[in-house]
């Protein structure tokens, strides 16, 4: 009996299709970038385990994205569920959901418990800026403006 070799292109293609379906404007802007890396989404059980591990209630918009894509990364952007973690700031319950290079390499994307808003933290000076009212708006509207603005 012969076994078929795994098809990594198949998983990548499926993850890209999921990204295009859930974030069409973003995908239209970056889908052809050679450094775009997308990984398949998480199950609801995986998301619950992530919330338990982080002791953080993930907003519904972020959960929706994570069900489709667990990782979206390219030059200057990294959103990887496996790297989510608490921010180390006094009296903060913010969650780091990724990195975004708008001003400095290593600047962070943040969310608050149960809040759909995406924030930007400049590591150098500690300034926090609201980027978008939701994960969907961040990827579909805000991020393409910064990429091409």
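Odds and ends about this structure:
- Number of positions in the stretch 95-133 that are closer than 16 Å to residue 57 by Cβ and surrounded by fewer than 19 Cβ atoms within 10 Å (Cβ to Cβ): 7
- In the stretch 59-75, the qualifying residues are those that are touching a residue at least 40 places away in the same chain (Cβ under 8 Å) and not in a strand (DSSP E or B), and the one that is surrounded by the most Cβ atoms within 10 Å (Cβ to Cβ) is 65.
- Complete set of residues in the stretch 118-132 that are part of a strand (DSSP E or B), more than 14 Å from the chain's Cα centre (by Cα) and more than 11 Å from residue 102 (Cβ to Cβ): 128, 130
- Scope the stretch 76-93; condition part of a loop (DSSP other than H, G, I, E, B) and at pLDDT below 90; matching residues: 87, 88, 89, 90, 91, 92, 93
- In the stretch 30-51, residue surrounded by the most Cβ atoms within 10 Å (Cβ to Cβ) [restricted to those that are over 16 Å from the mean Cα position of the chain (by Cα) and modelled with pLDDT under 95]: 33
- Per the listing 134, 78, the residue uniquely without any contact (Cβ under 8 Å) to a residue 24 or more places away in the chain and closer than 28 Å to residue 13 by Cα is 78.
The values are calculated or read from the model by the stated rules, or taken from the named source; none is laboratory data. Keep in mind that what you see is a predicted model, and the values were worked out from it rather than measured. Please note: Cβ atoms are built from the backbone with ideal geometry, for glycine as well, and neighbour counts cover all protein chains shown.
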